[in-house]
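Heads up: the structure comes next, in structure tokens.
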Amino acid sequence: MNILVINCGSSSLKFQLIDAETEKLTAKGLCERIGIDGSQITFSPAGGEKIVRQVPMPDHKEAIRYVLEALTDEKTGVVKSLDEIGAVGHRIVHGGESFAEATIITPEVKKAIEDCIDLAPLHNPANLIGVDACEALMPGVPMVGVFDTAFHQTMPEEAYLYAIPYRYYEQYKIRRYGFHGTSHDYVSHRAAELLGRPYEDLKIIVCHLGNGASVSAVKNGRCVDTSMGLTPLEGLIMGTRSGDLDPAILEFIANKEGKSIGEIMTVLNKESGVLGLSGGLSSDFRDLENGSEEGARALKAFALRTAKYIGAYAAAMNGVDVICFTAGVGENSVNVRASICKDYLGYLGIGIDDEAAKVRGEEKEISTPDSKVKVLVIPTNEELAIARQTYALVK
Ligand code: ADP
């Protein structure tokens, strides 16, 4: 069965068609600048030439129409008709406390996703638009929601509660939710598979280090803590997000510069992180590795913060068996991984094999055979994880 995986943002839409039985990618692509001048669709059939078309996409429904057209195109398409698509798996960012796993989307589920818009005002509305557009164009095809927050719903309350008046949790559900759950889920399971050990027996720390970055602690098959919070702003230093800081800084900046809370939130989400630390040099880690003082300053702070979370989660789980690196930086940056592991984690008995540690974008054990903790590089594959969860619900 072919599963269409849709990741719908406010002005872009990524898609993949995956054969659920063989888990092979059939085609993938991207619609950009939806609702803006100059919109285009990029379509890449597996093993074929990439096709880029500039077409007007005033809304997401139009974008999905082009996606379906590209998939079924007589010459360059990959399926004969839409009947060959068995289900659609949608990435949904925030499921609040309502969803601890993927679910078939019904009107009630849509209502529950709508109820979480407060918690993810940029993402959930776009995700819902994607669902509506697919429903309109693919009547009768089951839609499945796979939530970024679901994997973290197993956290105990001591991990998800903030130390603020409890009534804020009761009244507004202010708590830690965590994100990138599909990635943490996929990578932690893959780690157990690669090591040939039962998932339920392991203490795993997953470092998802991309433009957005988060760490999770997975103990005996359950996520027990994660670094992102009510929103993706908390935790690690990211491309443009600050991660953890003293909340009093908000008032301080507000007083100094007469900024509103909204304006300061924009600074913390879009102008901070390694971009801010490097004095505006770049949010892209490749640019920071150019030997400049500014880049080095940002990279050092990033490594320290990440190492501190690893230490914290080793404590939270009373030990750690495996540390995994994934996402753009985790999969590719030899230097960042080395600073984290070699500068800070020796006390855990970690040894790094310098030759193996040169790996980029491939599954590899990068620790030495005698290392007390295994260190693995595992490319994440959120789309495959979404396709698997979708298939499990509809087959
Ligand atoms: P997201 O999905 O959060 O946008 P990704 O997981 O795709 O992010 O990661 C993107 C980041 O990965 C880029 O900002 C870039 O800094 C980093 N990256 C990609 N390739 C490399 C590389 N070879 N070396 C260092 N960093 C890299």
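The values are calculated or read from the model by the stated rules, or taken from the named source; none is laboratory data. On a predicted model such as this, the values are computed, not experimentally measured, just so you know. With ideal geometry, Cβ positions are generated from the backbone for all residues, glycine too; neighbour counts draw on all protein chains shown. Areas reflect the complete protein model, heavy atoms only, side chains present, ligands, DNA and RNA absent. Shrake-Rupley method; radii C 1.70, N 1.55, O 1.52, S 1.80 Å.
Observations on the structure shown:
- Fraction of antiparallel bridges per DSSP, the chain only, in percent to nearest 5: 70 percent
- Using alpha-carbon coordinates, inclination of helix 181-195 to the longest axis of the chain, degrees: 70 degrees
- With Cα atoms, 0 to 90° folded angle of helix 261-270 axis to the chain main axis: 90 degrees
- Efficiency of FRET from Cβ geometry, L304 and E271, R₀ 22 Å, rounded to 0.05: 0.60
- Pairwise label distance in nanometres, L195 with E263, each label 7 Å out on the Cα-Cβ vector: 4.9 nm
- The range 21-179 shape via C-alpha gyration tensor axes, a/c threshold 1.5: prolate
- Average accessible surface area per residue within the range 2-147, 1.4 Å rolling probe, Å²: 47 Å²
- GNM result for the chain, Cα springs below 10 Å: residue of I340, I105, I36 fluctuating most strongly: I36
- Calculated [θ] (222 nm, deg cm²/dmol) that DSSP helices of n ≥ 4 give over the chain, each run adding -39,500 (n - 2.57): -11000 deg cm²/dmol
- Counting only residues at least eight positions apart within a chain, or on another chain, the lysines with an alpha carbon under 26 Å from that of K300 are K270, K308, K342, K358, K364, K372, K374.
- Sites E251 and T42 - FRET efficiency at Förster radius 45 Å, r taken between beta-carbons, to 0.05: 0.50
- Cα gyration tensor category, rounded, prolate or oblate, for the range 94-219 with a/c compared to 1.5: oblate
- Accessible-area composition of the range 74-133, carbon plus sulfur, in percent [1.4 Å probe]: 53 percent
- Sum of side-chain charges, A356 neighbourhood, beta-carbon under 13 Å (Lys, Arg +1; Asp, Glu -1): -1
- Sulfur and carbon atoms: percent of accessible area, the range 197-382 [1.4 Å]: 49 percent
- Charge dipole (debye, nearest 20) of the range 197-382; +1 at Cβ of Lys and Arg, -1 at Cβ of Asp and Glu: 240 debye
- The chain, dipole about Cα centre (Lys/Arg Cβ +1, Asp/Glu Cβ -1), debye to the nearest 20: 320 debye
- Solvent exposure of the range 197-382, expressed per residue, is 45 Å² of accessible area, with all protein chains present and a 1.4 angstrom probe.
- Shape of the range 280-349, Cα gyration tensor, a/c cut at 1.5: prolate
- Net charge in the neighbourhood of L304 (other residues with Cβ under 15 Å of its Cβ; Lys, Arg +1, Asp, Glu -1) is +4.
- A simple spin-label model places the labels of R167 and R65 5.2 nm from each other, with each point 7 Å out along Cα-to-Cβ.
- Taking a Cβ cut-off of under 9 Å around Y162, the surrounding Lys, Arg, Asp and Glu residues balance to a net charge of +2, with basic ones at +1 and acidic ones at -1.
- Rounded to the nearest 10 degrees, the angle from helix 123-137 to the longest Cα principal axis of the chain is 20 degrees.
- Gain in span if fully extended, E157 to E23, counting 0.36 nm per residue against the direct Cα distance: 44.6 nm
- Computed over the chain: relative contact order in percent, which uses C-alpha pairs under 8 Å that are six or more apart: 14 percent
- Candidates R197, R53, R167: whichever shows maximal mean-square fluctuation once the chain is modelled as a Gaussian network with Cα springs under 10 Å: R167
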